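Participant: Before I ask anything, let me first share the structure, which is written out below as structure tokens.
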Amino acid sequence: MKVWIINHYAIPPSLGGLVRHYYFSKYLQEKGHEVKIFTASKIHNTDVNMITDNKSYIEKDMDGVIYAFVRTSDYKGNGIDRIINMLQFPIRIWSVCRKFEKPDVIYTSSPSPLTAVSAVIMAKVLKVKKVVEIRDLWPESIVEYNEISRRNPIIQILYQLEKWLYKNADELIFTMEGGKKYIKERGWAKEINPQKIYHINNGVDLEEFEYSREHFQIEDEDLENEDIFKVVYAGSIRKVNNLEILIESARLLKQEKSNIKFLIWGDGNEKQELEKQCNKLKLKNIVFKGKVEKKYIPYIVSKADVNFMHGKYTGIMRFGCSSNKLFDYLAAGKTILTDINPSYNLVEKYHCGVTIEGDEPEKIVEKLLELEKERVFLQEKYENNAKELSKKYDFKLLTNKLEEILQKVEK
């Protein structure tokens, strides 16, 4: 079977963290399928553009998977330059795809609805099957995060576009577990057959994770220090991540004279400001370690006593939440502390750690002090469960599920 994956933000592992479709491609190829990923040349959240001349596209073998990078312009932030980029890809993808023999299936993925719509129309023109994957409920997320009325005329148009996309897909995949619930809540269940709706979560490549843990280790005195209780955060350090909550937690813990220490790996435009706050408060129990290559993350999160997953609850989480970070944390086999409590909460359901409600440093401190006291029991209580659950979300297994959907739609 020949498959085209069309995703504006399909980033190769060597360049970033949005690697879901890389792993699907890798394992589909091992099963004998021919896969090509079409994505934008501008790599999201980096300064990298794969095309620096006037070529309309380039093909590159990235770690064994063929990518066709479609030329798009650079941008930073969410201003007009990014809007231009978002328009370029779904338009330019047409002229690029015409250069290749048509596939059996086009598998397109959000969050960009314009790309998904373009891919579905292309599949209709080529008379091939179309699978649409939803990783972000859009425009529902705009409504929830920006508090825009659902009755806003532009939002209403976007809902109609979303409905058209779902109706015209041969099969629908949601990364969040509540996809069918969402369709029902929108009142679309009679027009969109629930039998064509599937759930494939995000995941982790366990083979690669274990290899990286063994072969890519870093020297860090805090990670090796058995006298401290290590709380690790690994991810972006931006305004949206609201890591000020960890600084306030560290300040409260300083008063408790505990051995708990926050170790933060990552980078972002808030990092320097947060470090200044730590220095001003003379906090020694929180350290910003900087950015490391993704290959070092398995070792880092495996050396933690607790891995911390932070976020702001919004109403959209009633349909579930599929955080990439969660699956690295599960594979690490360490206790997870999270203040994200969506529906279908895997941490709670499978007893992989502790969930707290709300953005309250006092609650974080309270739970961490409890976990520190229980340190010798954490493996039996949470860690074995996390390790076992990670096997269910190995990309090898998830690819089997995807293959079944692709083969079903091809018939």
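Participant: Hey, among Gly333, Gly320, which residue is at pLDDT 95 or above, closer than 27 Å to Glu147 by Cα and surrounded by 17 or more Cβ atoms within 10 Å (Cβ to Cβ)? Talk me through it step by step, then tell me what you get.
Facilitator: Details: Gly333 fails: closer than 27 Å to Glu147 by Cα.
Going through Gly333, Gly320 in turn, just one is at pLDDT 95 or above, closer than 27 Å to Glu147 by Cα and surrounded by 17 or more Cβ atoms within 10 Å (Cβ to Cβ): Gly320.
Participant: Same structure, new question: State the number of residues belonging to region 386-411 that are of a type outside the set (Phe, Trp, Tyr) and not in a helix (DSSP H, G or I). Steps first, please.
Facilitator: Within region 386-411, the subset of a type outside the set (Phe, Trp, Tyr) is 386-392, 394, 396-411.
Then drop every residue that is not not in a helix (DSSP H, G or I), which leaves 394, 411.
Final tally of qualifying residues: 2.
Participant: Only one of (1) outside any helix (DSSP H, G or I); (2) under 17 Å from the mean Cα position of the chain (by Cα); (3) loosely packed, with under 13 Cβ neighbours inside 10 Å fails for Ile237. Which number is that?
Facilitator: Of the numbered conditions (1) outside any helix (DSSP H, G or I); (2) under 17 Å from the mean Cα position of the chain (by Cα); (3) loosely packed, with under 13 Cβ neighbours inside 10 Å, the odd one out for Ile237 is (3).
Participant: Here is a check on your reading of the model: is Thr39 touching a helix residue (DSSP H, G or I) at 6+ places or on another chain (Cβ under 6 Å) and in contact (Cβ under 8 Å) with a residue 12 or more places away in the chain? Steps first, please.
Facilitator: Working: touching a helix residue (DSSP H, G or I) at 6+ places or on another chain (Cβ under 6 Å): no; in contact (Cβ under 8 Å) with a residue 12 or more places away in the chain: yes.
So Thr39 does not fit the description; no.
Participant: Taking Val19 and the conditions (1) at pLDDT 95 or above; (2) in contact with an Asp or Glu (Cβ under 9 Å, 6 or more places away or on another chain); (3) crowded, with 21+ Cβ neighbours inside 10 Å, which numbered condition does it fall short on, given that it satisfies the others?
Facilitator: (1)
Participant: Here's another thing I want to ask about it. Among the residues of region 251-264, what is the count of those that are in contact with a helix residue (DSSP H, G or I) (Cβ under 6 Å, 6 or more places away or on another chain) and either buried (at least 20 other Cβ atoms within 10 Å of the Cβ) or assigned to a strand (DSSP E or B) (or both)? Outline the logic, then answer.
Facilitator: We begin by selecting, within region 251-264, every residue in contact with a helix residue (DSSP H, G or I) (Cβ under 6 Å, 6 or more places away or on another chain); these are 252-253, 260, 262-263.
With either buried (at least 20 other Cβ atoms within 10 Å of the Cβ) or assigned to a strand (DSSP E or B) (or both) added as a condition, the list becomes 253, 260, 262-263.
Number satisfying all stated conditions: 4.
Participant: Being closer than 30 Å to Glu210 by Cβ and either outside any strand (DSSP E or B) or basic (Lys, Arg) (or both) is the filter here; which residues of region 272-297 pass it? First the steps, then the outcome.
Facilitator: So in region 272-297, the residues closer than 30 Å to Glu210 by Cβ come out as 286-297.
Hits for region 272-297 are Lys289, Lys291, Val292, Glu293, Lys294, Lys295, Tyr296, Ile297.
Participant: Something else about it: Output the residues belonging to region 76-126 that are surrounded by fewer than 23 Cβ atoms within 10 Å (Cβ to Cβ), more than 24 Å from the chain's Cα centre (by Cα) and either within 19 Å of Trp164 (Cβ to Cβ) or outside the structural domain of Ser41 (by the TED database) (or both).
Facilitator: Ile91, Trp94, Ile121, Met122, Lys124, Val125, Leu126
Participant: Any idea which of Tyr159, Tyr198 is surrounded by 16 or more Cβ atoms within 10 Å (Cβ to Cβ) and either in a loop (DSSP other than H, G, I, E, B) or touching a strand residue (DSSP E or B) at 6+ places or on another chain (Cβ under 8 Å) (or both)?
Facilitator: Working: Tyr159 fails: either in a loop (DSSP other than H, G, I, E, B) or touching a strand residue (DSSP E or B) at 6+ places or on another chain (Cβ under 8 Å) (or both).
Criteria check complete, one pass: Tyr198.
Participant: Return the only residue of Val232, Val204 being crowded, with 21+ Cβ neighbours inside 10 Å, in contact (Cβ under 8 Å) with a residue 24 or more places away in the chain and closer than 30 Å to Lys408 by Cα. Write out each step before concluding.
Facilitator: Numbers: Val232 fails: closer than 30 Å to Lys408 by Cα.
The match here is Val204.
Participant: A further question follows. Counting only residues that are aromatic (Phe, Trp, Tyr) and in contact (Cβ under 8 Å) with a residue 24 or more places away in the chain, which one in region 211-229 is nearest to Asn324 (Cα to Cα)? First the steps, then the outcome.
Facilitator: Initially, region 211-229 is screened for residues aromatic (Phe, Trp, Tyr), giving 211, 216, 229.
Remaining after also requiring in contact (Cβ under 8 Å) with a residue 24 or more places away in the chain: 216, 229.
On the way: Phe216: 20, Phe229: 24 Å.
If we take residues in region 211-229 being aromatic (Phe, Trp, Tyr) and in contact (Cβ under 8 Å) with a residue 24 or more places away in the chain, then Phe216 is nearest to Asn324 (Cα to Cα).
Participant: In the set Gln88, Gln156, Gln160, which member is in contact (Cβ under 8 Å) with a residue 12 or more places away in the chain and farther than 22 Å from His199 by Cβ?
Facilitator: Numbers: Gln156 fails: in contact (Cβ under 8 Å) with a residue 12 or more places away in the chain; Gln160 fails: in contact (Cβ under 8 Å) with a residue 12 or more places away in the chain.
It is Gln88.
Participant: Got at least one residue in region 276-291 being modelled with pLDDT under 90, surrounded by fewer than 18 Cβ atoms within 10 Å (Cβ to Cβ) and polar (S, T, N, Q)?
Facilitator: As a first pass, look at region 276-291 and keep what is modelled with pLDDT under 90: none.
For region 276-291, residues modelled with pLDDT under 90, surrounded by fewer than 18 Cβ atoms within 10 Å (Cβ to Cβ) and polar (S, T, N, Q): absent.
Participant: Moving on to the next point. How about region 316-385: which helices (runs of 4 or more DSSP H) wholly inside it have at least 3 residues that are within 24 Å of Leu18 (Cβ to Cβ), more than 25 Å from the chain's Cα centre (by Cα) and assigned by the TED database to the domain that holds Thr175? Before you say what the answer is, go through the steps one by one.
Facilitator: Details: elements: 324-332, 346-349, 361-373.
Because the criterion is at least 3 residues that are within 24 Å of Leu18 (Cβ to Cβ), more than 25 Å from the chain's Cα centre (by Cα) and assigned by the TED database to the domain that holds Thr175, no helices (runs of 4 or more DSSP H) in region 316-385 meet it.
The values are calculated or read from the model by the stated rules, or taken from the named source; none is laboratory data. Because the structure is a prediction, the values reported are computed rather than measured. Cβ coordinates were reconstructed from backbone atoms using ideal geometry, including for glycine residues, and neighbour counts include every protein chain displayed.
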